[in-house]
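Inspection log for the structure reproduced underneath, given as structure tokens.
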Amino acid sequence: MINTEAMVAETATKIFTDLCGREVPHQAEAGHYPAALWDALTENGLPVAWVSEDNGGFGADYDEIFGAIWASAQAAAPVPFAETLIANWMLDQAGLAPADGSASFALSGHTPAADIPFGMQADKIILFDAAHQEVSLFDNREAVRSAEEALSPDGMTQFVFSGHVAEHSAKTNLSRRAFEALILTVRAVQMAATIERALNLSIDYVSQREQFGRPLSKFQAIQHQLAVAASESAAATMAATQAASAMILHRDNPEKAWHEAVIAKVQISHSVEAVTVPFHQVHGAMGYTQEYDLHHYTRRLWAWRDALGNEHHWSKQLGEELAATSPDQIWQGVTTGDWTGGWQVAS
């Protein structure tokens, strides 16, 4: 299980409980950004929790931070908390100071533009340029921002890097795989937490809602649907925990956690389709209304499933790599978590 009892996680949980009630995601989607929530997170230093003490953060343990990310996902927090944590971690890996304000991130691709989560709210954008192994910080407030279509309630904008000059840039020793490992692990933790929360919403609903004089939870078809969803939720939590544990173990060389991160992303992305259908079905018409909470979770799940590549993308990457290595090396990775076999992802 993700550690949700350590100091950083407990602090985050209290803030989200106090300042991110069920009305906050609804208000945020209507255009009312929860500044009080973000200010509380900032005042407690949580956005720089992953930054080293020498660089202006407090170097919290990775397991504590994953617990805080878990809490933010369960609250459907409409602020770029995880994104800022990732962005500041990227800056720290290049020896750059953390972002002044909220931030989001991108990895370089085939075009000089990227779709940015929380692009309308983030003050800064952090780019990792794999070709030059360079991390750069851009001021998003100076950019022309226009919202892109997005499944997530958090929204998305496109940032064109070629039209802007970075405020700061620095080299890093980390590879693209290292950054992918961290980002995919964070998304896996968010998705597992969100699946669990949506499952609990569904259980509460069918326990209270009656049909033909008895609770919906007494109907065998409902029980079967939620039993399947519960098993998928348990698998997702285990996959996220495994990925987080690998990242904690290999914090000094995150590339070594890449396989567990990819496996978690594939597993949980498959779970998304398996759970969101029964979640909405057991809610009936209520599950499809704007006023009810469920869509804040399922829409984020659908968006995170596709973020940085869906399960088909990562299955192909992993399959091509493992097909080029020996069964002994694969067995070593599966049984010990040590994937340091020296092979590379097929291009």
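The values are calculated or read from the model by the stated rules, or taken from the named source; none is laboratory data. Note that the coordinates shown come from a computational prediction; the quantities given were computed from them, not determined experimentally. Cβ sites come from the backbone with ideal geometry, for glycine too, and all protein chains shown count toward neighbours. For the accessible areas, the whole protein counts, side chains as well, though only heavy atoms, and no ligand, DNA or RNA atoms are used. Shrake-Rupley method; radii C 1.70, N 1.55, O 1.52, S 1.80 Å.
Here are the numbers for the structure shown:
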item	result
Distance in nm between pseudo-label sites at residue 170 and residue 290 (7 Å out along the Cβ direction from Cα)	4.5 nm
Charge dipole (the stretch 87-183, unit charges on Cβ, about Cα centre) - positive-most of 172, 111, 89	172
Fraction of alpha-carbon pairs over 35 Å apart in the chain - percent	21 percent
The chain, relative contact order [Cα under 8 Å, separation at least 6], %	14 percent
Heavy-atom accessible surface of the chain: percent carbon and sulfur, 1.4 Å	51 percent
Simple spin-label estimate for residue 223 and residue 10 in nanometres, 7 Å along Cα-Cβ	3.9 nm
Check: the chain dipole with +1 on Lys, Arg Cβ and -1 on Asp, Glu Cβ, in debye	860 debye
Overall dimensions of the stretch 1-132 as given by Cα atoms, namely Rg and Dmax in Å	14.8, 44
Listed residue pairs exceeding 28 Å between alpha carbons, taken from 218/265; 124/265; 124/316	218/265; 124/316
Compactness of the stretch 139-214, expressed as Rg and Dmax over alpha-carbon positions, Å	20.9, 66
Alpha-carbon centroids, the stretch 289-343 and the stretch 156-189: separation in whole Å	19 Å
The chain - accessible surface per residue (Å², probe 1.4 Å)	45 Å²
